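Student: Structure provided below as structure tokens; questions to follow.
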Amino acid sequence: MRKAVIRAKQVTRNLKLGTHIVHALRGVDLAIYANEMVGIVGPSGSGKSTLLGIVGGLDSPTDGKIEIDGIDITRMSEGQLTDIRNQKIGFVFQFFNLIPTLTALENVALPIEFAQAPRHKPFNRARELLDMLGLGDRFHHRPSELSGGQQQRVAIARALANDPPILLADEPTGNLDTHSGETVLQALKAIRDESGTTVVMVTHDQSLASQMDRVLTLVDGRIVNGIAGDLAEGDGHQTAAAPA
């Protein structure tokens, strides 16, 4: 049986806005498996980023259960969640969030330097990742000296610094032109193929979503299209296309 590295069970998230309650997620069931690339699409306000934040332990569900690599993180303390994120989850966001005064090499090495039990020498690992992402000639460039696509690849390298089995990407190509966006997607595919990393990407770009192993569509906090629950046993990927 394939191993689910992410599992959501009847997850809801209610947000209070003034006197109103917004039902951001409404009973989401979800299983994502090791070495998959899964796209999450849907209209603005459908709950995509909310779901990704809850899966990544950045937010807590109002109800339901989240498991990461078989570990129930639903009611963990912030300290416990920090450890889970450090060990198991890398994040890539639409805005690159690189430290402007640090070089590409220093930005990527930083998470390893803060790790409680680092598995790599920070700068050796940073060089390895930047090389893998085609940035071997940009080690000593600061973010302002890099293109948008190059900055996002540095951000991906930083997210992978501590070898997380899961990479969560929230609109990673949202600020990039088409060519740079495709370059970032190919980098994510290479990471999945070479490292076995599970990649979950929220995107508005249907051309990128169509290249995922599976696509899940969220509308009004519910998954309405795609294979969201347990997949059939076996090693092959199953694909569901998002609606146009």
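The values are calculated or read from the model by the stated rules, or taken from the named source; none is laboratory data. No experiment lies behind these values; they were computed from the predicted model shown. Backbone-built Cβ (ideal geometry, glycine too); neighbour counts: all protein chains shown. Calculation scope for accessible area: heavy atoms of the full protein, side chains included, ligands and nucleic acids excluded. Shrake-Rupley method; radii C 1.70, N 1.55, O 1.52, S 1.80 Å.
Student: Can you run phi through the Karplus equation (6.51, -1.76, 1.60; θ = phi - 60°) for the range 66-80 and list ³J(HN,Hα) in whole Hz, with x for Gly and Pro?
Tutor: 10, 10, 10, 6, x, 9, 6, 9, 4, 10, 6, 6, 4, x, 5
Student: Using amide H atoms built 1.01 Å from N in the peptide plane, name the residues 5+ places from ALA34, or on other chains, whose amide H lies under 5 Å from its own.
Tutor: The list, which skips near neighbours in sequence, is LYS3, VAL5.
Student: I would also like to ask the following. Using alpha carbons only, how many degrees (0 to 90, rounded to 10) separate the axis of helix 122-132 from the longest principal axis of the chain?
Tutor: The angle comes out near 80 degrees.
Student: A further question on this structure: Could you tell me the accessible area of PHE96 in Å² (1.4 Å probe, neighbours in place), rounded to the nearest ten?
Tutor: Spelled out: PHE96, probe radius 1.4 Å, area about 40 Å².
Student: Exactly which trypsin sites (Lys or Arg not before Pro) in the range 29-135 are in a DSSP loop and have at most 16 other Cβ atoms within 10 Å?
Tutor: ARG75, ARG119
Student: If Rh is defined by the Kirkwood formula over all Cα pairs and Rg also comes from Cα, what ratio Rg/Rh do you get for the range 6-65?
Tutor: On the Cα set of the range 6-65, Rg over Rh gives 0.98.
Student: Now, a different point. For the peptides 97-109, 208-220, what is the packing order when you average, over each peptide's residues, the other Cβ atoms within 10 Å and list the highest mean first?
Tutor: 208-220, 97-109
Student: OK, next. Highest first, please rank the peptides 149-158, 24-33 by the mean number of other Cβ atoms sitting within 10 Å of their residues.
Tutor: 149-158, 24-33
Student: For the chain, with all protein chains present and a 1.4 Å probe, just round the carbon and sulfur fraction of the accessible area to a whole percent.
Tutor: The nonpolar share, carbon plus sulfur, comes to 50 percent.
Student: Under a 5 Å amide H to amide H cut-off, with H placed in plane at 1.01 Å, what residues pair with VAL219 once short-range neighbours are removed?
Tutor: When sequence neighbours closer than 5 places are left aside, the close amide H contacts are VAL224.
Student: For q values of 0.12, 0.14 Å⁻¹, compute log₁₀ I(q)/I(0) with the Debye formula on a Cα-only model of the chain, without solvent.
Tutor: Those come out to -0.67, -0.92, one per q.
Student: What percent antiparallel are the DSSP beta bridges of the chain, to the nearest 5?
Tutor: So the antiparallel bridges amount to about 55 percent of the total.
Student: What ³J(HN,Hα) values, in whole Hz, does the Karplus curve 6.51 cos²θ - 1.76 cosθ + 1.60 give for the range 165-179 when θ = phi - 60°, with x put for Gly and Pro?
Tutor: Once θ is set to phi - 60°, the couplings for the range 165-179 become x, 10, 10, 10, 10, 9, 6, x, 10, x, 9, 10, 6, 4, 5 Hz.
Student: Work out Dmax and Rg for the range 1-123 from the C-alpha atoms and quote the Rg first, both in angstrom.
Tutor: Radius of gyration, then largest Cα-Cα span, for the range 1-123: 16.6, 51 Å.
Student: Pick out which of LEU167, LEU129, LEU81 has the largest mean-square fluctuation in a Gaussian network model of the chain, springs linking Cα atoms closer than 10 Å.
Tutor: LEU81
Student: Residue by residue through the range 22-36, what is 3J(HN,Hα) from phi via Karplus (6.51 cos²θ - 1.76 cosθ + 1.60, θ = phi - 60°)? Round to whole Hz and write x for glycine and proline.
Tutor: So the Karplus estimates, Gly and Pro as x, are 9, 8, 5, 10, 10, x, 7, 10, 7, 9, 10, 10, 4, 6, 8 Hz.
Student: Let me ask something else. Under the rule of at least 5 residues apart or a separate chain, name every residue whose amide H is placed under 5 Å from the amide H of VAL92.
Tutor: Under 5 Å from the amide H of VAL92 lie the amide H atoms of LEU168, ALA169, ASP170, each far enough along the sequence or on another chain.
Student: Right, here's the next one. Return one whole number: the accessible area per residue of the chain in Å², for a 1.4 Å probe.
Tutor: In whole numbers, the chain has 46 Å² accessible per residue.
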